[in-house]
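What follows is a set of notes on a single structure, which appears directly below.
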Amino acid sequence: MNAAIDRKLVRRHFSVSSALYDGHACVQKHVARKVSALVEAEAPVCGRFLEIGTGTGCLTEMIADTNPRLQPVISDLSHGMTMTAREKVPHAL
């Protein structure tokens, strides 16, 4: 069965949960550490990077911390998640 996904409902649920999300995101943090290490090894020394589906900004923060000359551009379906990410990485676009 191929049920349609209610994007508005998904957006609303993630927005409501954004403040508490990191406390339950163990797997996401593990993956973010691995991806951040790959980016650190391969990223240019300056410029912009786009993170689609940024969530609470865990990966964005790691990349920005290890590559301070890179400008993060963040995007997420959930405005609440994007706002939480902006708190962690205020210079993100």
Self-check item: Any chance Arg86 is in contact with a helix residue (DSSP H, G or I) (Cβ under 9 Å, 6 or more places away or on another chain), open to solvent by 30 Å² or more (accessible area, probe 1.4 Å) and in a helix (DSSP H, G or I)
Solution: no
Exercise. With respect to Ala19, determine if the residue is at pLDDT below 95 and open to solvent by 50 Å² or more (accessible area, probe 1.4 Å).
Key: yes
Practice problem: Working only within segment 41-64, note down all residues that are within 22 Å of His24 (Cα to Cα) and either outside any loop (DSSP other than H, G, I, E, B) or of a type outside the set (Ser, Thr, Tyr) (or both). | Solution: Glu51, Ile52, Gly53, Gly55, Gly57, Cys58, Leu59, Thr60, Glu61, Met62, Ile63
Quiz item: Going through segment 51-65 one residue at a time, which ones are under 22 Å from Val10 (Cα atoms), open to solvent by 40 Å² or more (accessible area, probe 1.4 Å) and of a type outside the set (Gly, Ala, Ser)?
Solution: Ile52
Quiz item: Name the residues in segment 66-76 that are modelled with pLDDT of 95 or more and open to solvent by 10 Å² or more (accessible area, probe 1.4 Å), would you?
Solution: Gln71, Val73, Ile74, Ser75, Asp76
Practice problem: Find all pairs meeting these conditions: Cβ atoms under 6 angstrom apart; at least six residues apart or on different chains; first residue within segment 32-47 and at pLDDT 95 or above; second residue in a loop (DSSP other than H, G, I, E, B) and open to solvent by 80 Å² or more (accessible area, probe 1.4 Å). | Solution: none
Self-check item: Verdict on Glu51 being touching a residue at least 12 places away in the same chain (Cβ under 8 Å), of a type in the set (Asp, Glu) and more than 19 Å from Leu20 (Cα to Cα)
Solution: yes
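The values are calculated or read from the model by the stated rules, or taken from the named source; none is laboratory data. Note that this is a predicted model, so its numbers are computed, not measured. Here the Cβ is made from the backbone with ideal geometry for all residues, glycine too, and neighbour counts use every protein chain on show. Quick note on the areas: whole protein, heavy atoms, side chains included, nothing else; ligands and nucleic acids left out. Shrake-Rupley method; radii C 1.70, N 1.55, O 1.52, S 1.80 Å.
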